[in-house]
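Asker: Let me give you the structure first, and then I'll get to my questions.
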Amino acid sequence: MGRRHQSKLPKLNRDSNSRKSLFRVQLKSLIEYGKLTTTVTKAKIIKRLFDKLAAKATEGTLASRRNVAATLGSPKLANRLVDSIIPVMGGRKSGFTTIQKVSVQKGDATSIATLSLMAMPPVVEKKVVEKKVKAAPVEKTKKAK
């Protein structure tokens with residue numbers, strides 16, 4: 001069995017755990033907000049990872065949900081991907097995201113890009129929960145006689 005050539009991801013000056021954490025956080029924010037601004041190199045990697053994740057999520061089975069949740073570390077975001085983002089995509093096999101170059105960083109001249117979903121999911125409004133606060137107990141004072 002031969003080696004798969006050119007299959008290595010860029011290291012981004014990080015160890016493997018830091019890279020995995022970075023990719024997981026950026027995938028989460030892409031799913032949550034539908035848009036992500038980062039460097040071009042990171043955007044290309046996240047695009048690749050999101051396409052693989054979305055291909056898993058198109059099945060919609062319990063096993064695929066669990067695989068996506070294991071990759072993201074969040075069942076809530078996995079359900080959002082499967083239930084609201086993938087149905088909006090209209091039966092795509094790939095090409096779920098697009099990269100647009102935005103600007104250049106001032107300090108080190110790195111190209112900045114915006115990675116966004118091809119079809120924006122519906123906005124989920126957060127419910128405001130009002131907590132009932134108990135009144136502080138009134139202390140009884142002894143009267144001096």
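Asker: Rounded to the nearest 0.05, what FRET efficiency is calculated for A55 and V129 with R0 set to 41 Å and r the Cβ-Cβ distance?
Answerer: Taking R0 as 41 Å, the efficiency between A55 and V129 is 0.70.
Asker: Still on this structure: Just add up the charged neighbours of A54: K/R +1, D/E -1, any other residue whose Cβ is under 10 Å from the Cβ of A54.
Answerer: Residues close to A54 contribute a combined charge of +3.
Asker: Name the residue from V82, T98, V138 whose Cα lies farthest towards the positive end of the charge dipole of the chain, charges +1 on Cβ of Lys and Arg and -1 on Cβ of Asp and Glu.
Answerer: Sorting the options by dipole projection puts first V138.
Asker: Any idea what log10 I(q)/I(0) is at q = 0.14, 0.19 Å⁻¹ for segment 16-117, Debye with uniform C-alpha scatterers and no solvent?
Answerer: The computed values of log10 I(q)/I(0) come out as -0.52, -0.90.
Asker: Build a GNM of the chain with springs between Cα atoms under 10 Å: which of D83, D51, D108 gets the top mean-square fluctuation?
Answerer: D108
Asker: What distance in nm lies between label points placed 7 Å from Cα along the C-beta direction at T41 and A63?
Answerer: Going by the 7 Å Cα→Cβ label model, 3.8 nm.
Asker: Could you give the size of the charge dipole of segment 1-118 about its Cα centre, using +1 on the Cβ of each K and R and -1 on the Cβ of each D and E, expressed in debye and rounded to the nearest 20?
Answerer: Taking the Cα centre of segment 1-118 as origin, the dipole is about 380 debye.
Asker: Then there is this: Quote to one decimal, in nm, the extra length available between L22 and V102 on full extension: 0.36 nm per residue of separation minus the C-alpha distance between them.
Answerer: Separation in residues times 0.36 nm, less the Cα-Cα distance, equals 26.7 nm.
Asker: Okay, moving on. In a GNM of the chain with a 10 Å cut-off on Cα contacts, which of R92, R24, R14 has the highest mean-square fluctuation?
Answerer: R14
Asker: So, one more: Quick one: compute the contact order of the chain, relative version, from alpha carbon pairs under 8 angstrom and 6+ residues apart, as a percent.
Answerer: In percent, rounded to a whole number, it is 25.
Asker: Mean-square fluctuation check for the chain, GNM, Cα pairs under 10 Å: which of K44, K11, K20 is largest?
Answerer: K11
Asker: Going by amide H atoms built from the backbone, whose H comes under 5 Å of the H on T97, apart from near neighbours?
Answerer: Correct list: M118.
Asker: Okay, helix-only estimate at 222 nm for the chain: each DSSP H run of n ≥ 4 adds -39500 (n - 2.57), divide by all residues, round to 500 deg cm²/dmol; what do you get?
Answerer: Computed ellipticity for the chain at 222 nm equals -11500 deg cm²/dmol.
Read the figures in this text as sums done on the coordinates, not as results from a lab. Quantities reported herein were computed from a predicted structural model and do not represent experimental measurements. Heads up, the Cβs are rebuilt from the backbone with ideal geometry, glycines too, and the neighbour counts pull from every protein chain shown.
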